[in-house]
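A short worksheet on the structure shown next.
FYI, it's all coordinate maths here, none of it is from the lab. Predicted model, so just to flag it, every value in this text is computed and none were measured.
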Amino acid sequence: MGSYSIWSCLKYIPDRLAGVSFVVPVVNYWWRSLPDRVVKDDYRKKLVRWSMWFANHAPGLLHWWVNQKWLPSTSVLERNPMFFNDRDIDVLKTISGFPMLTQDKLRERSVFDTLRRDFMLAFGKWEFDPLDLCNPYPQNESTVHIWQGLEDKVVPVQLQRFVSGKLPWIRYHEVPNGGHLIVHYDGICEAILRSLLLGEEQVSFRPNTAKIIP
């Protein structure tokens, strides 16, 4: 969720960034330059719209809902194939999961409100469109990367491909058979750091350029 603040840094203070690696960053469905043809069949857009309405107009009702005993436990949600692919589910069997998303934590109003504000900022109305950004590093004094799982069910790959097509100065990487939790896969975190810090590029993470939508 922190990706929205990094886009702002690229817009306003790029000279203060040594480099950026976005890992499966959120794409706001209401960025002005995101055409309807890219998102019209994406069921997530409708889910986000309803979630935004409740987060903005009925936060108390939303907080009450997540505290109900009949709400599925996070262990069920985290292993739901609607959100995670097979590799993600294997990862979730070995890591502790997402501590802030447990029912015990969500009952704490401060935790709930923090997540609600993050969500509203990420999917709310922005004062600029990241897809209109010019290359902040024309002399290659720094680099910006996006890492995306090919099978990500939370942030769909077609959105990330569109972003990288509109911003060709971003170095785009795709993880084959990768879901939303690629940063936890063996070797991926090291590959992200080596690409950012050393400029190394692994052939296996190069996207099919024919599928990059300008």
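Counting only C-alpha contacts under 8 Å and six or more residues apart, can you give the relative contact order of the chain as a whole percent? So the answer I get is 28 percent. Over the chain, dividing the summed -39,500 (n - 2.57) contributions of all DSSP H runs of at least 4 residues by the number of residues returns a 222 nm mean residue ellipticity of -11500 deg cm²/dmol. [x] 45, 43, 35; [y] 59, 34, 29; [z] 54, 39, 35: which one is Cα extents along the principal axes in Å as calculated from this entry? Computed from these coordinates, Cα extents along the principal axes in Å corresponds to label [z].
Annotation: amide H of Ser21 within the under-5 Å range of His145, sequence separation 5 or more or interchain, hydrogens built in the peptide plane. Helix 3-12 and the long axis of the chain differ in direction by around 40°, with both axes built from C-alpha atoms.
Of the residues Phe22, Phe162, Phe128, the one that moves most in a GNM of the chain with alpha-carbon contacts below 10 Å is Phe128. Largest GNM mean-square fluctuation among Leu181, Leu167, Leu17, using the chain with Cα springs under 10 Å: Leu17.
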